[in-house]
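So the structure is just underneath, and the comments pick up after that.
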Amino acid sequence: MANRRARTYAVCAVKLDEDHTDAAEGTFDAALTNALVAIVAKEWDGEEKKGGRKGKTFTKPASELLELIRQKAHETPEVVKRVLDEPDVFLVRGSHAEERDLAVEEHPAAEASVAGTFSGSPAPKPYGTRVDVGTLLDALKVTQPVRHAREDKDETEGEPRALERRHVEALLALDAHPSLVALAMEQENRYENSAQQQDAREREQASQTLQRIGEEEADRRAAAAADLHSGPTPDDPGALELQECPVCWHEAFSPDGQDELCMQVGHGECLVCHYRRSPAIANALAREREWERGWARD
Ligand SMILES: [Zn+2]
Ligand SMILES: [Zn+2]
């Protein structure tokens, strides 16, 4: 459950990080609700839900969860506290919070003056998850009317507002919480997917090239490939020899480097069909091979 929430948050948040202008409202709400439910469930188990009729329970909406976090700054200051000098921003403890002295002053002003007195060295960076309640509530004001098609009732307010980058930043900051920490993996997935799509296009183009040049020309290029490619030399002993091309199957793939695991998966270009393999694809293939090797050993 927690994993599914983190994953939904990450998928939506990474999309918004790339482009928050294109019909992002539902995406934003899904990301925010899932993140807040994960955080609240972890810190105050059960309080992410509320009872409905006939004993049914419902997940609280994002606005209520934000209000709850604000409230908790009074009730459980060891878990969440208000950030000084910022109007509506809170810091939820991180996984290492117990290692830090999180004794919270009853009077923020006193803390501020202490910090001011000992300002010789910069204050340690606060450890925790920044929950910018003000900005996130403002984001909900933007997204809710669009989702429920209410904008026509408020024509006096002028142009409907759009999500802004600061809203997305506030959403991305939630990832620091131990119940989430999901963005990096999702970004990696997206990156690899787009690399795979690019690779499919490369292969398609290379097979067309192969058809166009014909078998005779392909053989001629393959024979010339050895002279065009510089393999390992005393200066560069790590350089790879020509490899078999996965598109034309000639020994004509000319690597200009190899994968990060050093499993001799080259990235570069085929000298016959001009198939190009990117470093990202070489790395993905290397990981796959290592995985298969692991299975073979067992
Ligand atoms: Zn080829
Ligand atoms: Zn080329």
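Within the stretch 248-264, is there a residue that is crowded, with 19+ Cβ neighbours inside 10 Å and more than 16 Å from ligand 1 (Cβ to nearest atom)?
Looking through the stretch 248-264, at least one residue is crowded, with 19+ Cβ neighbours inside 10 Å and more than 16 Å from ligand 1 (Cβ to nearest atom).
I'd like the full set of residues that are touching an Asp or Glu at 6+ places or on another chain (Cβ under 8 Å) and farther than 21 Å from Glu202 by Cα, limited to the stretch 231-261.
Within the stretch 231-261, Gly231, Pro232, Leu261 qualify.
Quick test for you: out of Ala10, Ala73, pick the one residue that is crowded, with 19+ Cβ neighbours inside 10 Å and over 26 Å from Ala184 (Cβ atoms).
The conditions single out Ala73.
So Met185 ticks every box in (1) within 30 Å of Ala13 (Cβ to Cβ); (2) more than 22 Å from the chain's Cα centre (by Cα); (3) away from ligand 2 (no atom under 16 Å from the Cβ); (4) outside any loop (DSSP other than H, G, I, E, B) but one. Which box is left unticked?
That leaves (2) as the condition not met.
Quickly run through the stretch 246-298 and pick out the residues that are at pLDDT 95 or above, among the acidic types (Asp, Glu) and within 14 Å of ligand 2 (Cβ to nearest atom).
Glu269
Can you name the residue in the stretch 265-276 that is aliphatic (A, V, I, L, M) and within 8 Å of ligand 1 (Cβ to nearest atom) and, of all such residues, is surrounded by the fewest Cβ atoms within 10 Å (Cβ to Cβ)?
That would be Leu271.
Which numbered condition trips up Arg212, out of (1) within 27 Å of the chain's Cα centre (by Cα); (2) more than 12 Å from ligand 1 (Cβ to nearest atom)?
(1)
The values are calculated or read from the model by the stated rules, or taken from the named source; none is laboratory data. Since this is a predicted model, take the numbers as computed values, not measurements. Positions of Cβ are generated from backbone atoms using ideal geometry, with glycine treated the same way; all protein chains shown enter the neighbour counts.
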